[in-house]
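The values are calculated or read from the model by the stated rules, or taken from the named source; none is laboratory data. Just so we're clear, the structure is a prediction, and the values are computed from it rather than from any experiment. All Cβ positions, glycine included, derive from the backbone under ideal geometry; neighbour counts span all protein chains shown.
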Amino acid sequence: MLARVRGFFADRDVLEVDTPLMCHATGTDPHLDALALELAPGDRRYLQTSPEFAMKRLLAAGSGPIYQLCKAFRRDETGQRHNPEFTMLEWYRPGFDDSQLMDEVAALMGVCLPAPMLATDADIPRISYRELFRQYLALDPLAASDDELLACARGYTDPGDMTLSRDDLLNLLMSLVIEPQLQAPVFVIEFPASQAALAQITHDHDGYPVARRFELFIAGMELANGYLELTDAAEQSRRFAADNRQRQAAGLPVREVDNRLLAALNHGLPACAGVALGFDRLMMLAAGAGHISEVLSFVADNA
Amino acid sequence: MATFSTNEFKPGLKVLLDGDPCSILDNEFVKPGKGQAFNRVKLRNLLNGRVWERTFKSGESLEAADVMETDMSYLYSDTEFWHFMKTDGSFEQFPADKAAVADALNWLKEEDVYVVTLYNGTPINVTPPNFVEIEVVETDPGLKGDTAQGGSKPATLASGAVVKVPLFVNIGDVLRVDTRTGEYQNRVR
């Protein structure tokens, strides 16, 4: 599988790169917890949660199209589809938009997965986040009130008295109710702007702000997450700050922003689209495995 | 009291939820591509037996419940309580109320050993062994010659349970019964 992936990108003149796993800074995402280590007393480094920042620095330095197969680390993520140390396939395409990149992801799936899993060799269909919620929950995720979202969630699980933000509610419905039903391959597009992460924001045909972000689902499992990348350093700074405010409110440690990334964005990140794909999950699909431990040499408990 | 975080939830762990002791049956970690991770947790309320699924934000924690499962032998019942005694030689006795013995009520036999679940030192559940041997106190007379197959008839056991038995069974026979299904297994003597 590794050889197939490398062959795919070699044929397309995408350069393989190798960036450090230990970094000075880590992301501000309140829902990602990086593992920290001390290089020397008082000299802290983080194990990367993804190679995104380092690869964007290479793009800003004029690397052209690049991909990487590497380890990423996330604290407290263990489950059927999660291991704290996992393999990520991430790539960036200067000059591509999100739609072109989805075409390329679909082409890679054609190379990596058995044909029956993809049903047809036609394109993987795309559906907006809004349409998806309408279809599966008869609910408009952009227009519904928080109370309506909570009432809908209560129809599927007992959330007790936990405090759930609007995005928490949407994520709960997406992960618990909708995702398991997405068996045939599908790209979900046009995420709510509040879930843009590092994607550019645009407006849907009704004028709601939505993110140029996509996720690929196959066999009830999220496999890849991509963006039309944000290139505006000022907007990036604002999102870092917003994340950190959310961290503070949740009692989480505030993360120092990655000034090396901001400097690279200031220098100029080329217009590009990028995507990260869980390589272990791709292996699970190819092997028909139900648990990530079946495709890892040794899981974290036994490493 | 110790607390456990969602990532420590394992089947069999006893926790306090909304003031009730619960046993964790299953725990699944669910995380969207970006955003809040959740744990969907299957629980059994140890006081009322209710089994349901509750969702937690990953990283939330619950207090441990002081729940112990102990072997005890059944002594006797008065009108209100059923009395059990530890088998560890301490002779310590515990009265269990009707709600606690409900699952075992049909299968109680003096001196037999049961698993008693203690919550803060009070019995909340009594689990009978999978198989018990109890004497028949009431049934229609046995049919001569019919020793193996044929129909069945109800028989009342000394514990009060009514089970379906083969026609050859008589009052005074001791039967082996599966407490999980209430089914007759064989005649012991």
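Values for this structure:
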read-out: Residue in the stretch A:13-38 that is surrounded by the fewest Cβ atoms within 10 Å (Cβ to Cβ), counting only those that are of a type in the set (D, E, K, R), in contact (Cβ under 8 Å) with a residue 24 or more places away in the chain and in contact with a strand residue (DSSP E or B) (Cβ under 9 Å, 6 or more places away or on another chain); value: A:D18
read-out: Exclusive hit being at pLDDT below 95 and of a type outside the set (D, E), set A:P30, A:P65; value: A:P30
read-out: Residue count, the stretch A:199-250 (criterion: surrounded by fewer than 17 Cβ atoms within 10 Å (Cβ to Cβ), in contact with a helix residue (DSSP H, G or I) (Cβ under 6 Å, 6 or more places away or on another chain) and within 13 Å of chain B (Cβ to nearest Cβ)); value: 1
read-out: Tally of residues being surrounded by fewer than 15 Cβ atoms within 10 Å (Cβ to Cβ) and out of contact with any strand residue (DSSP E or B) (no Cβ under 6 Å at 6 or more places or on another chain) across the stretch A:39-53; value: 4
read-out: Every pair of residues 6+ apart whose Cβ atoms lie under 7 Å, when the first sits in the stretch B:164-177 and is on the phi > 0 side of the Ramachandran plot while the second is buried (at least 17 other Cβ atoms within 10 Å of the Cβ); value: B:G172/B:V136
read-out: Set A:I178, A:I127: member being outside any helix (DSSP H, G or I) and either out of contact with any helix residue (DSSP H, G or I) (no Cβ under 7 Å at 6 or more places or on another chain) or within 13 Å of another protein chain (Cβ to nearest Cβ) (or both); value: A:I127
read-out: Filter result for B:G59 (within 12 Å of chain A (Cβ to nearest Cβ) and buried (at least 20 other Cβ atoms within 10 Å of the Cβ)); value: no
read-out: Residue in the stretch B:106-125 that is part of a loop (DSSP other than H, G, I, E, B), assigned by the TED database to the domain that holds B:F9, under 13 Å from the mean Cα position of the chain (by Cα) and surrounded by 13 or more Cβ atoms within 10 Å (Cβ to Cβ) present; value: no
read-out: Conditions (1) of a type in the set (S, T, Y); (2) within 23 Å of A:L198 (Cβ to Cβ); (3) part of a loop (DSSP other than H, G, I, E, B); number of the one not met by A:T87; value: (3)
read-out: Index of the failed condition, B:M68 passing every other in (1) touching a Ser or Thr at 6+ places or on another chain (Cβ under 8 Å); (2) in a strand (DSSP E or B); (3) surrounded by 13 or more Cβ atoms within 10 Å (Cβ to Cβ); value: (3)
read-out: Odd one out for A:Y136, checked against (1) in contact with a helix residue (DSSP H, G or I) (Cβ under 7 Å, 6 or more places away or on another chain); (2) not in a helix (DSSP H, G or I); value: (2)
read-out: A:G79 vs. criteria among the small types (G, A, S) and within 14 Å of chain B (Cβ to nearest Cβ); value: yes
read-out: Top-ranked residue of the stretch B:17-40 - restricted to ones that are surrounded by fewer than 18 Cβ atoms within 10 Å (Cβ to Cβ) and within 18 Å of B:L118 (Cα to Cα), ranked as nearest to the other protein chains (Cβ to nearest Cβ); value: B:L17
read-out: Scan of the stretch B:151-189 for residues that are among the small types (G, A, S) and out of contact with any helix residue (DSSP H, G or I) (no Cβ under 8 Å at 6 or more places or on another chain), ordered by number; value: B:G151, B:S152, B:A155, B:A158, B:G172
read-out: Single unsatisfied condition, A:D103 versus (1) free of Cβ contacts under 8 Å to residues at least 60 places away in the same chain; (2) touching a Lys or Arg at 6+ places or on another chain (Cβ under 9 Å); (3) among the acidic types (D, E); value: (2)
read-out: Extreme residue, nearest to B:S77 (Cα to Cα), among residues of the stretch B:130-152 that are surrounded by fewer than 14 Cβ atoms within 10 Å (Cβ to Cβ) and modelled with pLDDT of 90 or more; value: B:V137
read-out: Residue that is farthest from B:S61 (Cα to Cα), among those in the stretch A:157-175 that are of a type in the set (S, T, Y) and at the interface with another protein chain (Cβ under 7 Å from one of its Cβ atoms); value: A:S175
read-out: B:G49 vs. criteria within 11 Å of another protein chain (Cβ to nearest Cβ), under 30 Å from A:V177 (Cβ atoms) and assigned to a loop (DSSP other than H, G, I, E, B); value: no
read-out: Boolean, B:S5 is among the small types (G, A, S) and within 12 Å of another protein chain (Cβ to nearest Cβ); value: yes
